[in-house]
1. Beyond 18 Å between alpha-carbons counts as too far, so tell me which of K27/K63; K14/K101; K88/K138; K101/K138; K72/K101; K28/K101 fall in that bin.
2. Which one of S11, G46, G32 is farthest out on the positive end of the charge dipole of the range 1-60, using unit charges on Cβ (Lys, Arg +1; Asp, Glu -1) and the Cα centre as origin?
3. Which residue, chosen from A129, Q62, F98, occupies the Cα position most advanced towards the positive end of the dipole of the chain, where the dipole is computed from +1 (Lys, Arg) and -1 (Asp, Glu) charges on Cβ about the Cα centre?
4. In the range 31-104, carbon and sulfur make up what percent of the accessible area (probe 1.4 Å)?
5. If you compute Rg and Dmax of the Cα atoms in Å for the structure shown, which of [x] 13.6, 40; [y] 17.1, 57; [z] 14.6, 46 do you land on?
Amino acid sequence: MKHTNYTYCFSSSKSAAAIFQIVSNPKKWWSGLFAEEIEGQSEQIGDEFSFQAGNGAHFSVQKLIDRVPNQKIVWLVTQSYLSFLDQKDEWNETQISFELKETGNQTLVTFTHNGLIPEIACYEQCSNAWSQYLQNLKVALED
C-alpha cells in the first residue's frame, strides 16, 4: 500500500526569493490561528525551533536539515507532544518541507509533511490545521 503524505500546493506571483524569505521564518507563516508560540532559530542547517499551540495541545521541535536558497527548506521533527492523541509523539521523525519552483511569472509552492499520512490518528486534525495555515500564507502572498 502506498502512503500519501499530506501535500498542499499553490501558485504565487511573488518570486521564489521573496517566498523563501517568508517560509524560512516559521513565525511569518505558522501563526495566527491557535495562540502559537515559536522560539528558536531556523536560518542555518542544524538550527532548531519549538512550536506550541492550542494552550498545550501541540508542542513540537523542528531541526533544519536541508536548505537550498530560493528552492527548498526541510525541517525534521525531533520531538512532538500532541495531547489529543493516544500516541502523543506521532510527529516524531516526520519532515516538514517547502519546495519552490518558478515557472514563467509564477512560483509554485509545494508544502509537504512527510509522514503525515491518512493511516495515522492525527491526519484529519493536523491536515485541516495545515490547510488553514497554508491558505493564510497563500492569501498573504497575493498581490
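The values are calculated or read from the model by the stated rules, or taken from the named source; none is laboratory data. Just so we're clear, the structure is a prediction, and the values are computed from it rather than from any experiment. With ideal geometry, Cβ positions are generated from the backbone for all residues, glycine too; neighbour counts draw on all protein chains shown. Heavy atoms of the whole protein, side chains included, go into the accessibility calculation; ligands, DNA and RNA do not. Shrake-Rupley method; radii C 1.70, N 1.55, O 1.52, S 1.80 Å.
1. Details: K27/K63 15 Å; K14/K101 11 Å; K88/K138 30 Å; K101/K138 15 Å; K72/K101 9 Å; K28/K101 20 Å.
Result: K88/K138; K28/K101 exceed 18 Å.
2. Of the listed residues, the answer is S11.
3. Result: F98.
4. On the way: 1660 of 4040 Å².
Heavy-atom surface of the range 31-104 belonging to carbon and sulfur, 1.4 Å probe: 41 percent.
5. For Rg and Dmax of the Cα atoms in Å, the calculated option is [z].
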